[in-house]
Amino acid sequence: MKQSDIIQALRLYVIAGTLNCKNGRSIEETVERALQGGATMVQFREKGHGSLTGSDKLQCAIRLKSLCAAYRVPFIINDDAELMLLSDADGLHIGQDDGDIAEARKRIGVNKILGVSVYTVAEAKHALQNGADYLGIGPVYETSTKEDAKQAAGIVRIQLIREHVQNIPIVGIGGINEDRAGEVIKAGADGVAVITAVTDAGRPLAAARRLSEKAGSACSTN
Ligand code: TZP
Ligand code: MG
């Protein structure tokens, strides 16, 4: 995927696992509403006690991949390179504790998208040099969605990493909602990644639509 297409795709990056989806909605339903509302990238992040494993996880990934394909939206798998290959997803997202970045790139090949979570300038440079296509920076704000999340870094961390590492798309993550999406992009991100702002919303379609509008207008004035 061209870098300019990745930048476009990061605008509203909706992340979900089955346990994140609330209000009686399945993950498939939640993701479909998000796509209808304007999600431009989707990540399957299946974690936690009671989450899907084995063939159930694979079947779910395959269903989500085909939903995303219908909307021509890239579908990314968190952490699990094997699941990414088996479900023929469009890419993989890894954190700092998920193994060697260059190894992950080798495993998934040059045609898949590789995203890496970073917190420091050094991590950002390392990720770029080892084959990352985009960086996830966060938590920007406080979040209770990720158990082992670092301290909220604020938008200054996005500004700092953007200053030092230019040639790579960046998405902000952590505690982002429609009121905050604009300032995250103004700080130098190409888009916003959200979990609860969509998965926990009363109306995920409307929530995604508002986020996408806020992100879109901040991008166009950048
Ligand atoms: N990485 C950093 S913060 C976070 C992840 C996966 C959780 C984001 O969830 P929310 O609900 O959008 O704060
Ligand atoms: Mg991880």
Checking rank on 169-180, 149-160, 86-97, with mean other Cβ inside 10 Å and highest first, the result is 169-180, 86-97, 149-160
Note down the relative contact order for the chain as a percent, whole number, built from C-alpha pairs under 8 angstrom at least six residues apart.
24 percent
Can you give the FRET efficiency for VAL121 and GLU147, using 1/(1 + (r/R0)^6), R0 = 22 Å, r = Cβ-Cβ distance, to the nearest 0.05?
0.30
Taking only DSSP H segments of four or more residues, each worth -39500 (n - 2.57), what value at 222 nm results for the chain once the sum is divided by all its residues, to the nearest 500 deg cm²/dmol?
-12500 deg cm²/dmol
In whole percents, the bins of 10 Å from zero upward hold the Cα-Cα pairs of the range 149-194 as 29, 60, 12
Scaled radius of gyration (Cα, divided by 2.2 N^0.38 Å) that the range 74-150 gives:
1.08
Quotient of Cα Rg and 2.2 N^0.38 Å for the range 94-222, N being how many residues it contains:
1.05
Cross-link table LYS22/LYS186; LYS2/LYS150; LYS2/LYS125; LYS112/LYS214; LYS57/LYS186, entries beyond 25 Å C-alpha to C-alpha:
LYS22/LYS186; LYS2/LYS150; LYS112/LYS214; LYS57/LYS186
Computed over the chain, Kirkwood Rh from alpha-carbon pairs, angstrom:
17.0 Å
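We did not get these values from a lab; they are worked out from the coordinates using the rules stated. As the structure is a computational prediction, the values presented were derived from the model and not from experiment. Positions of Cβ are backbone-derived with ideal geometry, glycine not excepted, and every protein chain shown enters the neighbour counts.
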